[in-house]
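Before any comments, here is the structure.
Every number here is computed from the coordinates shown, using simple stated rules; none is lab data. Note that the structure is predicted; figures quoted are calculated from it, not measured. Reconstructed Cβ throughout: ideal geometry from the backbone, glycine too, with neighbour counts over all protein chains shown.
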Amino acid sequence: MNLLMALLASLVIVIASHAGASARFQGAIFNYLVQLNLILMCFNLLPIPPLDGGRGAGLGAAALLAGVVDFLQRYGAFILLLLVLSPMLGLPLLSIVMYPMAIVIGLWRSGLVWVINL
């Protein structure tokens with residue numbers, strides 16, 4: 001759903017740019033709607049059981065990984081809490097985990113600028 005929201009917000013940006021909207025307005029839509037939804041999508045896909053990615057990891061796990069999945073189901077909420085609170089503790093754990101999403105957001109922005117300039 002977050003990907004769909006990001007796509008729809010990108011469509012709004014393209015339409016608004018062709019309608020003469022300011023770059024500031026387009027940047028605000030990108031920052032508040034597209035970037036936020038892409039970050040939420042990536043965060044939600046982390047393979048920790050309270051999140052949606054944890055369900056997929058549990059379904060696709062072989063018998064070899066059953067112990068890991070059981071551990072994550074038991075302690076996943078604590079691991080998730082540690083990830084979220086790590087910046088306050090001076091540990092960049094969440095930044096490290098989410099770094100690939102920063103690359104995707106940069107590529108998305110470049111692609112959107114390319115589409116707008118067509």
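Worth pointing out:
- For first residues located in region 36-49 and farther than 15 Å from Leu4 by Cβ, partners that are assigned to a helix (DSSP H, G or I) and of a type in the set (Lys, Arg) and lie 6+ apart or on another chain with Cβ distances below 9 Å form the pairs Pro49/Arg55; Pro49/Arg74.
- Members of region 1-35 found to be buried (at least 16 other Cβ atoms within 10 Å of the Cβ) and over 14 Å from Leu112 (Cβ atoms), listed by number: Asn2, Met5
- Close pairs from region 92-118: first within 15 Å of Gln35 (Cβ to Cβ), partner surrounded by fewer than 16 Cβ atoms within 10 Å (Cβ to Cβ), Cβ under 8 Å, at least 6 apart: Leu112/Val14
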